[in-house]
1. Going by the structure shown, is residue B:167 closer than 30 Å to residue B:84 by Cα and in contact with a strand residue (DSSP E or B) (Cβ under 8 Å, 6 or more places away or on another chain)?
2. Go through segment B:238-247 and give me each residue that's farther than 17 Å from residue A:158 by Cβ and at pLDDT 95 or above.
3. Checking residue A:115 against (1) more than 14 Å from chain B (Cβ to nearest Cβ); (2) open to solvent by less than 20 Å² (accessible area, probe 1.4 Å); (3) part of a strand (DSSP E or B), which single condition isn't satisfied?
4. List the number of the failed condition for residue B:113; all other conditions in (1) out of contact with any helix residue (DSSP H, G or I) (no Cβ under 7 Å at 6 or more places or on another chain); (2) modelled with pLDDT of 95 or more; (3) among the polar types (S, T, N, Q) hold.
5. Which is in contact with a helix residue (DSSP H, G or I) (Cβ under 9 Å, 6 or more places away or on another chain) and either closer than 29 Å to residue A:38 by Cα or not hydroxyl-bearing (Ser, Thr, Tyr) (or both), of B:183, B:220?
6. Would segment B:152-169 turn up any residue that is more than 27 Å from residue A:242 (Cα to Cα) and either within 14 Å of another protein chain (Cβ to nearest Cβ) or in contact with a Leu (Cβ under 9 Å, 6 or more places away or on another chain) (or both)?
7. Condition check: within 14 Å of chain A (Cβ to nearest Cβ) and in contact (Cβ under 8 Å) with a residue 40 or more places away in the chain. Does residue B:127 satisfy that?
8. Can you pull out the strands (runs of 3 or more DSSP E) entirely within segment B:1-96 that have at least 2 residues that are under 18 Å from the mean Cα position of the chain (by Cα) and on the phi < 0 side of the Ramachandran plot?
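The values are calculated or read from the model by the stated rules, or taken from the named source; none is laboratory data. Just so you know, these numbers come straight off a predicted model, no measurement behind them. When we count neighbours, we look across all protein chains shown, and the Cβ atoms used for this are built from the backbone with ideal geometry, even at glycine. Note: accessible area is taken over every heavy atom of the protein model, side chains too, but ligands, DNA and RNA are not part of it. Shrake-Rupley method; radii C 1.70, N 1.55, O 1.52, S 1.80 Å.
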Number of protein chains: 2
Amino acid sequence: LSLTRAELKNVRTLQTAKGRRATGLFLAEGVRLLEEALRFDRRPEFLCYAPSVISERAQTLLDRFRRVRVTLRELSAADLGRLAGVETSQGLLGVFQIPERRLPQLWRPAFRNILLCENLADPGNVGTLWRSALAFGFELMILTGSSADPYAPKTVRSSVGAVFGLPVAETDRDEVTAMLKDGQTRVLATTPRGASSLKTVLKNIGDKPLMLMVGSEADGLSERLLASADERIRIEHRDDVESLNSAVAGSILMKECFDFRERRKS
Amino acid sequence: LSLTRAELKNVRTLQTAKGRRATGLFLAEGVRLLEEALRFDRRPEFLCYAPSVISERAQTLLDRFRRVRVTLRELSAADLGRLAGVETSQGLLGVFQIPERRLPQLWRPAFRNILLCENLADPGNVGTLWRSALAFGFELMILTGSSADPYAPKTVRSSVGAVFGLPVAETDRDEVTAMLKDGQTRVLATTPRGASSLKTVLKNIGDKPLMLMVGSEADGLSERLLASADERIRIEHRDDVESLNSAVAGSILMKECFDFRERRKS
């Protein structure tokens, strides 16, 4: 079945925040992302494909989606390129429901590792942290302040599939501090002026839940969130650079948490 | 002194690889990058500025460049925006000489930590690794294969000043393997199929020089470079993700090298 002009126009609005808000849908483009969707058993509302450009790998994927009864819609390569908003379209584009993003609905007391990002405006950094969070056993990512939209095409692409594997809550600082009120979660703020290294702090945390907070490179974490932290930690490096890229900084710290939790298990 | 139309056109060609090759010059835009240039005592051939949009911080910087006798050239904010190729120009743009980039000229036997990137096509990843390499005490970055141009505006921006603090060699695999022939440098290849963790390998390396090799996410390192490695290392993570972002992976490993070298010092 081909996509009508009107449907094309509707799908295209999903490139904008307004279109995603109005429909509750988002786009995931390309073979690698859609393979990850299947691996996490997430099915699109429907899948657009351009028969003239799909590879063998894409065809296999298409067949697998067909077998689980996903609706497939045909369109031209040019139309697909316009929908996907990238030049090198691989002939496949999924339209997915945006999952739950309210913090109280997503929060579980059993979570041990939570990442919070404040004012991370770059979609590439948010997507990269999403992927690292999933890789290092984090169970929830919270976005607050002026952070990038997790369901914008650029963020989804940078997440390389983590969009399907790890829930993201979008919220404000009030709700975060309310969730922390029971005092069960150790809150770690990353800041160049931090006094402790994460390794030292982790020894005291042991098996308790932790929330790692990462702020923007230019301004760091807000005073409000810094004040809610139990510990201020920093990453040791030479002072030839003022700071690290925030996706790199967050990933290094999550890796240290992962190694610590793994060592305790064994 | 104002920039003439012809000069404007010349500066604008520096946004392209062809223009940079023809002139041996590159662009560095914005306050933060130019502050780093001064900190590393690197002076531009000349500095363009748009008086109507510069901030107080930019003005201070401008005065410092003037004191060290850097030529300043005035232009309109619109012209500067066009030159810089970014929307949010901060009213300052430096034109710099591209430094030495031949490997034999840059290589020093005294180097202890070298990063090699193969086929890293994304300028953001190359810039981010450059910055992490400087932060974690690496002394040289080598780019090979189809890696991004280190002096393209996007790479320079992502390096956040590392462009002025750490030399980069651009070369082919033959030259790399030739430099390694004396056998003094331990060569570590990063690959998901690696057998060892970096921590274990570092213990055997001790104070010897090491070269850390990072390949592209999609294809990993070439067979050629894998074959030249003394050790194949991997980063432990959950198998919920296939791989990490390559800038994240390289940075995590460089941080482990840094921590190891620091511990040996103390």
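1. Yes, satisfied.
2. Once the filter is applied, which keeps residues that are farther than 17 Å from residue A:158 by Cβ and at pLDDT 95 or above, segment B:238-247 yields only B:238.
3. (1)
4. The failed condition is (1).
5. Sole residue among the options that is in contact with a helix residue (DSSP H, G or I) (Cβ under 9 Å, 6 or more places away or on another chain) and either closer than 29 Å to residue A:38 by Cα or not hydroxyl-bearing (Ser, Thr, Tyr) (or both): B:220.
6. No, segment B:152-169 has no match at all.
7. It is false that residue B:127 is within 14 Å of chain A (Cβ to nearest Cβ) and in contact (Cβ under 8 Å) with a residue 40 or more places away in the chain.
8. Filter on segment B:1-96 gives B:25-29.
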